[in-house]
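Take a look at the structure set out below.
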Amino acid sequence: MIHLQSKTASVIFDTKDQQLSIVYWGAGLGDLAVTEDLSLAATTSVANGNFDTPLVAGVLREHSRGFLGHPTISGHRNGRAWSTKFDLVDHTIAADTLIAELEDKHAQLKLQLTYHLNEYGILRIAAAITNDGSDEYSLNEFNYWLPLPDRATQVMDFTGRWAHERQPQRRDIPYGLSVREGREGRSGFDFTIVELAMGRNTNFQSGEVWGLSMAWSGNSLHLVEKSPNGDISIGAGELLLPGEVVLSAGERHEVPPAVANFSDLGIDGLSHNYYSWIRSRKIHPTNIRPRPVTLNMWEAVYFDHNEAAIREMVDVAAEIGIERVVLDDGWFHARRDDRKGLGDWVIDPAVWPNGLAPLIEYINGKGIEFGLWFEGEMVNPDSDLYRAHPEWILHEGDRIPPFWRHQQVLDLTHPGAFEHVLGQVDAVLSANNIAYIKWDHNRPLVDAGHLGQAAVHNQTLAIYRLFDELKARHPKLEIESCSSGGARIDLGMIEHADRFWTSDNNDALERQTIQRWTGIAIPPEMLGTHIGPTHGHQTGRTTELSFRALNAFFGHAGIEWNITEANAHERKNLAAWISLYKAKRGLLHSGKAIRVEHPDPNAFVYGVVAQDKSEAIFAYAQHTMNASAFPAAAIFPGLDPDSLYRVKAHTEIGKPHYFHVANTPWVEKAEGIVMSGKALATLGVKPPMVAPLNGILISLTRI
Ligand code: DGJ
């Protein structure tokens, strides 16, 4: 038996009969729990109408050993070596890492499996497969699988589309195989980010929950299987296109890693593990500096780049406390609309006759840093690049893939194309003071071939390499991963980018759901959350500034609105919001996320509690009309039950639209009220009656 354990999780492996199997994955069991008898305890009877001896699926789930479910590996050598039987030949355990070496002499394959359980309960799994034969081996599929206990009866995953990302779906686990496929060539709008399994009663604050994700920004598979024997397992892998991975003699293929996570403290407990791990990395943005409040000008100017108007906006930005201004799409060669220019990353003298330097100096002069938009993986046919190299697009045969936003995908696996993008982007970054780039990716990969072979895997590695090289050349550069909003947000990209554009939908009501569920795995400091215009450009909905501000507070906050249109009162509120954000971002970006199980389905209550419980900040957001005349009390779990807290409503960022004759008195008290942590978690406070699409920000400070 091999036991990897953290404070909160255990993974127990068996190595009996030269087979590697996982006996257990779940809550930490402690040293005493692992006896040799565990494998006896986990062995079933011999059933009627079944194999003559109890079978162990093992991590390889092989047909050759009698396993009848979905296998881990599938591939062949031109029709041979189609079935594997790997033996465990060696293993080492060091620093909470198991490295297992397996071999199938008949299929002539070697496999290395690495399981690392970190102190936060996150299990990272990686595999490398080597072709030990003398002819080619085609790998069709390799999935990581973990066992689930019988009490994990439900699965929850996420679906989505443009402007409607991360929509949850929770259902009972049926018998058979349930599959979520990502075939967009990027992680995708419909990417589940994490596949969750849990008991029927698991909620945000309590119950067991198991999560598995591909840490990968290309195609993916997320699977759950319940066999007729009753075994339940959860799996994830890269979805490989036919012929995408063909190993020549001696070649080794690294399977993209997966990340597994377990908590017995509900879905919030799972997020706590993800956040603790992600924040522990040296490259994590808040370990470098606080997140600057951002103004992105896309929805303010679109393609209409007028320097005088932009300077006016910068003046207002400086007045209200903005720290970073971002010039979006439209600054480069011939890019007057979305039909031209992608591929030519040179500043367009037609709109910027003196280059961008004078604007950047103006912005920097006000103590604000500058960011710029790129979409380096794409090309418009109407571009100098395409005219010179029409062959540098991902395609199959002599077909051109269907257009999407008038663009094709540049084949970054082609060394010339890679160097072209790297060189042009590097030149712009070297000649100008650019702190941050927003890197977009506005179409899926379709028919994505390179010289006759499917190339999504290599294209994904190429973009990682490109980001890493840009960062190596410009060590202070921050990169935002945007993909028409949130179509490339995953646990692979966190190693290469610093921020995600959560969604193109800036409507605060729509964002409530998108942010809640993207935040399951990604901490708020990595999720761009902007105050959009009064009348949402995507939904046309009119929303109070106070509600837009409340929503955008819980993330890497910014504004995406022509703030020269904001009146004096709105500017005052924006300035107050920014100054409160600056005061609270340390808490927001280090604390524990809490999503309250609120009895009114028409409202969200959520917040962040400091790790030492000294303070917290919560939102009460009324989405549609209250279910009852008086809104249900908002409770605030997670505080120290035996401490007193000052509870204060922050109406300085804008008063909500009330829906009553007289306010609840605690909101009106400038100095707030005092309650114990226990009373806050049980009795809570009565929220003010606010109209739909309104809410209130509440701070809690230990006294
Ligand atoms: C899609 C992005 O998600 C938007 O924020 C914006 O950058 C546009 N592309 C620009 O074309």
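The values are calculated or read from the model by the stated rules, or taken from the named source; none is laboratory data. Because the structure is a prediction, the values reported are computed rather than measured. Every residue, glycine as well, gets a Cβ built from its backbone with ideal geometry; the counts of neighbours run over all protein chains shown. Surface areas here come from the heavy atoms of the whole protein model, side chains and all, with no ligands, DNA or RNA. Shrake-Rupley method; radii C 1.70, N 1.55, O 1.52, S 1.80 Å.
Quick notes on this one:
- Segment 585-605: number of residues that are crowded, with 20+ Cβ neighbours inside 10 Å, more than 18 Å from Leu509 (Cα to Cα) and among the charged types (D, E, K, R): 1
- Flag if Glu597 is in the same structural domain as Glu478 (by TED's automatic domain parsing) and either of a type in the set (Asp, Glu) or modelled with pLDDT under 95 (or both): no
- Residues in segment 494-503 that are more than 23 Å from Ser546 (Cβ to Cβ) and outside any helix (DSSP H, G or I) were compared, and the one that is nearest to the ligand (Cβ to nearest atom) is Trp501.
- Looking across Asp344, Asp338, one residue alone is within 12 Å of the ligand (Cβ to nearest atom), open to solvent by less than 50 Å² (accessible area, probe 1.4 Å) and charged (D, E, K, R). It is Asp338.
- Qualifying residue in segment 462-472 (condition: over 23 Å from the mean Cα position of the chain (by Cα) and assigned to a helix (DSSP H, G or I)): yes
- Residue that is under 18 Å from the mean Cα position of the chain (by Cα) and closer than 24 Å to Thr15 by Cα, where the choices are Leu196, Leu123: Leu123
- Qualifying positions in segment 244-263 - open to solvent by 50 Å² or more (accessible area, probe 1.4 Å) and aliphatic (A, V, I, L, M): Ala249
- Residue satisfying all of: in segment 362-377; open to solvent by 10 Å² or more (accessible area, probe 1.4 Å) and in contact (Cβ under 8 Å) with a residue 40 or more places away in the chain; farthest from the ligand (Cβ to nearest atom) among these: Gly367
- Some residue of segment 443-451 being among the basic types (Lys, Arg), under 24 Å from Met297 (Cα atoms) and under 28 Å from the mean Cα position of the chain (by Cα): yes
- Here Thr534 passes the criteria (1) open to solvent by less than 10 Å² (accessible area, probe 1.4 Å); (2) more than 13 Å from the ligand (Cβ to nearest atom); (3) among the polar types (S, T, N, Q) except the one numbered (1).
- Contact map, segment 312-334: residues that are within 16 Å of the ligand (Cβ to nearest atom) paired with residues that are open to solvent by 10 Å² or more (accessible area, probe 1.4 Å) and small (Gly, Ala, Ser), Cβ distance under 7 Å, separation 6+ or inter-chain. Pairs shown: Arg324/Ala435.
- Filter result for the condition that a residue is open to solvent by 40 Å² or more (accessible area, probe 1.4 Å) and free of Cβ contacts under 8 Å to residues at least 24 places away in the same chain, over Asn78, Asn48: Asn48
- Whichever residue in segment 282-311 is within 23 Å of the chain's Cα centre (by Cα) and within 15 Å of the ligand (Cβ to nearest atom) and, among such residues, is surrounded by the fewest Cβ atoms within 10 Å (Cβ to Cβ): Trp298
- Here Val661 fits the description: part of a loop (DSSP other than H, G, I, E, B) and β-branched (Val, Ile, Thr).
- Segment 438-493: number of residues that are within 16 Å of the ligand (Cβ to nearest atom) and among the polar types (S, T, N, Q): 4
- Flag for Ala197 being open to solvent by 40 Å² or more (accessible area, probe 1.4 Å) and aliphatic (A, V, I, L, M): no
- In summary, Thr539 fulfils each of the numbered conditions (1) away from the ligand (no atom under 16 Å from the Cβ); (2) more than 21 Å from the chain's Cα centre (by Cα); (3) open to solvent by 40 Å² or more (accessible area, probe 1.4 Å) with the single exception of condition (1).
- Restricting Ser699, Ser614 to those that are open to solvent by 10 Å² or more (accessible area, probe 1.4 Å) and among the hydroxyl-bearing types (Ser, Thr, Tyr) reduces the list to Ser614.
- Yes/no for Ile514 being β-branched (Val, Ile, Thr) and away from the ligand (no atom under 16 Å from the Cβ): no
- Which numbered condition Asn380 fails, given (1) more than 32 Å from the chain's Cα centre (by Cα); (2) polar (S, T, N, Q); (3) buried (at least 21 other Cβ atoms within 10 Å of the Cβ): (1)
- Long-range neighbours under 9 Å by Cβ, at least six apart or interchain, first residue polar (S, T, N, Q) within segment 246-257, second open to solvent by less than 60 Å² (accessible area, probe 1.4 Å): Ser248/Asn131; Ser248/Asp135; Ser248/Tyr137
- Per-region count, segment 156-170, residues over 16 Å from Gly211 (Cβ atoms) and charged (D, E, K, R): 2
- Contacts under 8 angstrom Cβ, first residue in segment 18-30 being part of a loop (DSSP other than H, G, I, E, B), partner aromatic (Phe, Trp, Tyr), 6 or more apart: Leu20/Phe13
- Verdict on Ala107 being in a strand (DSSP E or B) and either in the same structural domain as Ala249 (by TED's automatic domain parsing) or small (Gly, Ala, Ser) (or both): no
- When Arg180, Arg166, Arg161 are screened for being within 21 Å of Gly492 (Cα to Cα), in contact with a His (Cβ under 6 Å, 6 or more places away or on another chain) and assigned by TED's automatic domain parsing to the domain that holds Pro242, only Arg180 passes.
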